[in-house]
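Each remark here refers to the structure printed beneath this line.
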Amino acid sequence: MKNSRIAAEGLVLLGCGKMGSAMLAGWLARGLPASSVWVLDPHPSDWLRSTGVHLNQDLPAAPAIVLVAVKPQMMAEALPTLREMGNGKTLFVSIAAGTSIATFAEALGAQTPIVRTMPNTPAMVGRGITGICANEFAGAAGLALTRSLMQAVGQVVELEGEHQI
């Protein structure tokens with residue numbers, strides 16, 4: 001991850017609770033520079049503060065990835081704040097249960113590259129299985145980028161579609 005597109009263009013992590021923290025720890029352990037990560041979290045843990053990531057700071061205009069790790073009930077408030085990054089090259093990845101790709105596309109723009117994932121709870125200790133699926137704008141490249149991210153917390157399985165989540 002050290003010399004990847006993510007390291008060069010940046011990753012935004014929206015929400016850093018238990019699952020977000022597990023993923024961030026995995027990415028940093030795999031060599032993603034802390035300077036390439038922006039985290040927005042209203043209640044950062046002491047661990048998160050110690051990582052050296054950009055915490056609750058202005059976001060890059062067009063990061064490689066925005067990973068949305070907020071609770072589903074927070075989506076209506078969170079997604080509109082990211083609309084300016086939609087319909088471009090930024091890949092949006094969701095780990096939110098019950099929030100469809102269509103919901104993301106409606107909030108961010110119809111041509112936004114979106115991958116929906118569903119990690120299970122063992123991912124919090126690096127032993128999870130994550131199902132992933134994408135819209136047409138994310139395509140194979142978006143799935144590959146998401147696979148590399150989610151492998152930091154376990155195995156990844158590509159699904160036929162959202163109905164399998």
| field | Magnitude of the charge dipole, the chain, Cβ model with Lys/Arg +1 and Asp/Glu -1, debye to 20 | value | 440
| For segment 1-54, rounded, prolate or oblate, judged on the Cα gyration tensor with a ≥ b ≥ c (square roots of eigenvalues), a/c < 1.5 rounded, else prolate if a/b > b/c? | prolate
| remark: Judged on accessible area alone, 1.4 Å probe, highest first, Leu159, Leu79 line up as Leu159, Leu79
| Share of pairwise Cα separations in segment 120-165, more than 13 Å, in percent | 53
| message | In the chain, if the dipole is taken from +1 on Lys/Arg beta carbons and -1 on Asp/Glu beta carbons about the Cα centre, which of Val156, Ala61, Met74 is farthest to the positive end? | response | Val156
| query | When the accessible area of the chain is computed with all protein chains present and a 1.4 Å probe, what percentage of it is carbon and sulfur? | reply | 52
| query | Which value, in Å² rounded to 10, gives the accessible area of Phe137 with a 1.4 Å probe and all protein chains present? | reply | 90
| query | What percent do you get for the relative contact order of the chain when only Cα pairs under 8 Å and 6+ apart count? | reply | 19
| query | What dipole magnitude, in Debye to the nearest 20, does segment 17-95 give about its Cα centre under +1 on Lys/Arg Cβ and -1 on Asp/Glu Cβ? | reply | 220
| task | Determine the shape class of segment 1-159: with a ≥ b ≥ c the square roots of the Cα gyration tensor eigenvalues, call it rounded for a/c under 1.5, and otherwise prolate if a/b is greater than b/c, oblate otherwise. | result | rounded
| note | One finds the C-alpha centres of segment 1-24 and segment 64-92 to be spaced, in Å, by 14
| In Å², what does the accessible area per residue of the chain work out to with a 1.4 Å probe? | 48
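The values are calculated or read from the model by the stated rules, or taken from the named source; none is laboratory data. These figures come from a predicted structure and were not determined experimentally. For neighbour counting, all protein chains shown are included, and Cβ atoms are generated from backbone atoms with ideal geometry for every residue, glycine included. When the accessible area is computed, the model is the full protein with side chains, heavy atoms only, and any ligands, DNA or RNA have been set aside. Shrake-Rupley method; radii C 1.70, N 1.55, O 1.52, S 1.80 Å.
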